[in-house]
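Enquirer: Mind looking over this structure? Questions follow.
All of the numbers you see were taken from the coordinates with simple rules; none came from a lab. Values in this document were obtained by computation on a predicted structure and should not be read as measured data. Here Cβ is always computed from backbone atoms with ideal geometry, including for glycine, and neighbour counts include all displayed protein chains.
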Amino acid sequence: MMEALQFEFMQHAILAGILVSFAAGIIGSLIVVNRMVFLAGGIAHTSYGGIGLAVYFGLPIFLGASIFAVGAALLIAALTLKKRHRMDTFIGLIWAVGMAIGVIFVDLTPGYNVDLMSYLFGSILAVSSEDLYFMGGLLTLILFIITFWYRDILAVSYDSEYAALRDVNVRFFYTLILILSALTVVVAIKVVGLILVIAMLTIPVYIAEKLSNSLFSMMFISGSIATLFTLLGLWTSYTYNLTSGASIIIVSAVSLGIFLLFNKKVIL
Amino acid sequence: MSVVEITDLSFSYEKQTVLENINLKVEEKDFLAIIGPNGGGKSTLLKLILGMYTPQKGNITVLGKTPKHSLTQIGYVPQNTNVNTDFPIKVIEVVMMGHVEGKRPLFGYGKHEEVCALGALEKVGMDNYAHTKIGSLSGGQRQRVMIARALCTHPQILILDEPTSSIDITGQREIYELLKTLNEHITIIVVSHDISVILEYANKATHINKTLSYHDISDKTQTFHTHGKDGHFCEIELLQMLGAENCDTCEEEIPTWRQKP
């Protein structure tokens, strides 16, 4: 493993793993406490439409995926704020349509077709310097927002009806949480792929939930746990020559199993 | 001046009329009980008083102003505070949510907000639990925390929606005793199903089922036929006075009239 650290792609992978894991830990906490897991899954798959568009028009993949995912987040926010009871229908719809758009645009792209698998299951070993800037920028943005608007985000997440009565702009913060989720999903696609994103956003958070008594500590603990899982997964993938994204998820799932086994009283 | 004054109010969701021609005056330091069947419009009326909905017809003033301008004067304890118990949040953080925007620090909470929240927790007897996770409290304790959250802005009116619906009998008594103490300084409006308990504490009662009937019950020995030596009174009679056709909390099909002691 040590000799692997000399390679630039490995250094990039480790750095990307840390940045994305912290972003996923923080935003995953918000997604779980707001019960938006299905919603995040929808955004993840929808963003494949953005990947297809980016490939077709020759744009940077992150840019295409981000614009598409944020668009999906805004659409979902607008729809769910109005018709909450039909939320699952809308998400399912956007989920499928986004994927379909992506597949069709990749089909239409002349010449070499991009490797669909790398977006479905991640390509952490192919992280470029630009990708790292994007990930670093996103984590900084998330930390900035969480620091200054922690109380509003907490109020909206815990009891949005009451927050509205206390003059907190619920629509704004609900939409903001969704946009940050969309951007985090996009960077996490690079690490674990869009199919496995949900596991990365929820497994560390589930463990952290049992260990923390405030949202802040939950975010910090799940960020740290996610980092640990990602690095362990990366090591497993390198040592046994396995797909990195899937290794990270399996490491997370096995760890969750062990955690639950030693913590029987906190299950449920 | 009345604390809450409602005149000729009507309200409907899309096509269905929920409230019709409501007139109600709540005076300072009243303890008003709002009773009535499910779907009768009780919660809707509360939400109108809180300014969460706007009436299609009629007028509501709270402390002489529109509800939206009196937000800091109204403390509100919503229904179903037992949901979301997994949420990782400390008691004091929940209470501090009661503060209204204003002089807030750059990030986190101000010292004055923390002191104020601890004061509110002390009033409800929960100050020892300030740093406990909310999910590990019992239903009754959690309800006290929600009352503390409502007291955070030092309101003149406290509005509670079914405050004891998921609490055991002892817990219910304790909540009502707490409300009785708070009532020495502030006006209290409670929507409740626990008619027999609430009416012992309330001095006024209204029954809402689309329309409203109102009764002053401050002198309980005069108003009710009491039975037994404990001064317990019969809720069925009250329901009849207030215009209910039948009693939805008792098993007797035909209400039995009881003798005056």
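Enquirer: For the range B:62-153, which GluC sites (Glu not before Pro) pass both filters: DSSP loop (anything but H, G, I, E, B) and at most 15 other C-beta atoms within 10 Å?
Expert: B:Glu101
Enquirer: For the pair B:Arg104 and A:Ala96, what calculated FRET efficiency results from E = 1/(1 + (r/R0)^6), where r is the Cβ-Cβ distance and R0 = 41 Å, to the nearest 0.05?
Expert: 0.40
Enquirer: How many Cβ atoms of partner chains, on average, are near each residue of B:84-95 if near means within 10 Å of its Cβ?
Expert: Counting other chains' Cβ atoms within 10 Å and averaging over B:84-95 gives 6.
Enquirer: With each pseudo-label sitting 7 Å past Cα toward Cβ, what's the B:Gln56-A:Phe262 distance in nm, one decimal?
Expert: Computed distance between label sites B:Gln56 and A:Phe262 equals 6.2 nm.
Enquirer: Let me ask you something else. Identify, among A:Phe7, A:Met135, A:Ala226, the residue whose Cα sits farthest towards the positive end of the charge dipole of chain A, taking +1 on the Cβ of Lys and Arg and -1 on the Cβ of Asp and Glu, with the dipole about the Cα centre.
Expert: Projecting each Cα onto the dipole axis, the largest value belongs to A:Ala226.
Enquirer: Kindly flag which residue pairs out of B:Lys29/B:Lys65; A:Lys82/B:Lys204; A:Lys210/B:Lys42; B:Lys65/B:Lys204; A:Lys83/B:Lys65 have an alpha-carbon separation exceeding 26 Å in this structure.
Expert: Table pairs above 26 Å Cα-Cα are A:Lys82/B:Lys204; A:Lys210/B:Lys42; A:Lys83/B:Lys65.
Enquirer: Taking trypsin sites (Lys or Arg not before Pro) that fall in a DSSP loop and have at most 11 other Cβ atoms within 10 Å as cut points, what is the longest piece of chain A between them?
Expert: A:84-268
Enquirer: Enumerate the amide H contacts of B:Val77 below 5 Å, restricted to partners 5 or more residues apart or on another chain; note that Pro and chain-start residues carry no placed amide H.
Expert: So B:Val77 has HN proximity to B:Ile159, B:Leu160, B:Asp161.
Enquirer: Hey, another quick one. Please give the average number of partner chain Cβ atoms lying within 10 Å of the Cβ of each residue in A:207-217, rounded to a whole number.
Expert: 4
Enquirer: Let me know the Kirkwood hydrodynamic radius for the protein assembly as shown, please, with Cα pairs as the basis and the value in Å to one decimal.
Expert: Over the protein assembly as shown, the inverse of the mean reciprocal pair distance is 26.0 Å.
Enquirer: As an exercise, identify the chymotrypsin sites (Phe, Trp or Tyr not before Pro) in the range A:204-268 lying in DSSP coil whose Cβ has no more than 12 other Cβ atoms within 10 Å.
Expert: Those that pass, being in a loop and sparsely packed, are A:Phe262.
Enquirer: Let me ask you something else. Scan the range A:112-193 for chymotrypsin sites (Phe, Trp or Tyr not before Pro) in coil per DSSP, keeping those whose Cβ has at most 10 other Cβ atoms within 10 Å, and list them by number.
Expert: Filter output for the range A:112-193: A:Tyr112.
Enquirer: Let me ask another. Could you tell me what % of all Cα pairs in the range B:4-218 have separations over 26 Å?
Expert: Roughly 35 percent, rounded to a whole number.
Enquirer: Across peptide A:157-163, how many C-beta atoms of other chains are within 10 Å of each residue C-beta, on average?
Expert: 5
Enquirer: Another one. Quick one: what are the phi-derived ³J(HN,Hα) couplings along the range A:30-44, Karplus 6.51/-1.76/1.60 with θ = phi - 60°, whole Hz, x for glycine and proline?
Expert: Ordered by residue, 3J(HN,Hα) equals 5, 5, 5, 5, 8, 6, 10, 4, 4, 4, 5, x, x, 5, 4 Hz.
Enquirer: Counting Lys and Arg as +1 and Asp and Glu as -1, what is the net charge of the other residues whose Cβ lies under 9 Å from the Cβ of B:Ser43?
Expert: My count for the surroundings of B:Ser43 gives 0.
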